[in-house]
1. What's the carbon and sulfur percent of the chain's accessible surface, probe 1.4 angstrom, rounded to a whole number?
2. Mind jotting down the three principal axis lengths of the chain based on Cα atoms? Whole angstrom, largest first.
3. Per residue, how large is the accessible surface of the stretch 256-370? Use a 1.4 angstrom probe and give square angstrom.
4. Can you give the accessible area of Val50, probe radius 1.4 Å, in Å² rounded to 10?
5. Starting from the Cα of Lys183, draw a straight line to each of the aspartates and glutamates and keep only those under 19 Å, dropping any in the same chain fewer than 8 residues away.
6. Which one of Pro32, Leu143, Gln209 has its Cα pushed farthest toward the positive end of the charge dipole of the stretch 13-212, where Lys and Arg give +1 and Asp and Glu give -1 at the Cβ?
7. In the chain, with Lys and Arg counted as +1 and Asp and Glu as -1 at Cβ, which of these residues, Tyr300, Val250, Ile19, has the Cα nearest the positive end of the dipole, that is, farthest along it?
8. May I ask you to rank Thr262, Thr17 by accessible area, largest first, using a 1.4 Å probe over the protein chains only?
Amino acid sequence: MKRQPIAFADWSGREYTAIARCLLSGRVHQGPHPALLRERLAQMYAPSAVHLTNYGHHAIDIALGIFKRQRPERVEVIVPAYICPSVIQTVEACGLRVRSVDVQDDLNMSPADVKAALGADTLAVIAPHMYGCPSRMGEIEALCDLANVFLIDDAAQVVGVRQDGRLLGTFGDAGLISFAQSKTIVTGIRGSGGVLLVNRPTWAEQANQACAALPPASGRLGPLADFLWNHVGHVHTGHSGYYLGRALAVLGRSPVAHQRATQISHLEAGLALAQLSRLDALLLEKVRIAQAYHQALQAYPLLRFPQFAPGRFLARVMLLLPEGTDLEGVRREARSRGLETRTGYAAHVAPGAEAPKAQAMAKRLLGVPCRPGMSQSDVEGICAVLDVALTTNSRS
Ligand SMILES: Cc1ncc(COP(=O)(O)O)c(C=O)c1O
């Protein structure tokens, strides 16, 4: 089989032109793009107010800060047990307690489980759409309204998808988007962009002040080079980026993105605008690839694609391997046959909670390539390799 690498972004000539323009004009950090991006997103997400930052989790931080000031006596935040670790870290860094709720096959919380977890201490619910698969937001929003609990519609991974006629990200009190790798809109590696959406006009000023007070973006050329070398050009550059990174670290010039909150850069806002101008095509391509996997998997009943639904956008294709599979063994075997894979998140179960489904699924989920332009025969070849890797690595 020809090499099948993972893709972290779907970039065309428009994105590279946007980078070239910024570099040639000498404007990387400051420039007009953030204001233009804000305007574009405000049109798209109206009536939600739009605020820009450099990370999606900083949007959560700002929203939780506002909620805490409203209801200081409440200290718990409901979060799914299968989630990006930065969400957990942000809740804890705000001095709040995480309450984990198990997920269903689609890797999202069910409204019934959210309802069961609501209590007198609940300040907020954070409801993500895992890998772009939509949570049942209308029902979760109604539950939160009834319980007088704040809701964050975490659309970090999905842009431009509607549920019940409303864009994901606009349910509840606040929402967010991230532009980091493997999302719908990708502007680079970590820290390349985040959006806070605020649905209560009375909070707009607080959110505005929090974002306006952020320091300007800085040091973004290193992360861009890192992204281009290791995540876009990795098909050609192989592991060289790892050794280069170590050499740079020794010289005190590590390209690793910092975690601190800043404004979004002119460069990355320009990339977001280029990606938004292709949004329909980006979404359709991922729908096509998910459909191609669904079709190819008909021949391999051991491999499940639990998040699939006809016509559904998925930012990543995550397959569920059978119980008793040695996940790392499958990955090794696949790699030896030219197939790159990745794992999902580890389940996070807060003390005192149980999340058997998230824990079981996290150990068996395998991310497979969903690169733009993949053909049906690429996808069939990938499924065939996985089938062989599974037979040689089944523990039971
Ligand atoms: C569901 C979800 N929420 C929030 C975040 C945080 O986004 P960022 O990495 O931009 O802080 C992520 C990142 O992967 C995510 O997947």
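1. 54 percent
2. 57, 55, 43
3. That works out to 42 Å² for each residue.
4. 10 Å²
5. Output for Lys183: Asp10, Glu15, Asp106, Asp153, Asp154, Asp226, Glu268, Asp280, Glu285, Glu340.
6. Pro32
7. The listed residue farthest towards the positive side: Val250.
8. Ranked list, largest accessible area first: Thr17, Thr262.
The values are calculated or read from the model by the stated rules, or taken from the named source; none is laboratory data. As the structure is a prediction and not an experimental result, all values here were calculated from the model. For neighbour counting, all protein chains shown are included, and Cβ atoms are generated from backbone atoms with ideal geometry for every residue, glycine included. The area values use the complete protein model at the heavy-atom level, side chains included, leaving out ligands, DNA and RNA. Shrake-Rupley method; radii C 1.70, N 1.55, O 1.52, S 1.80 Å.
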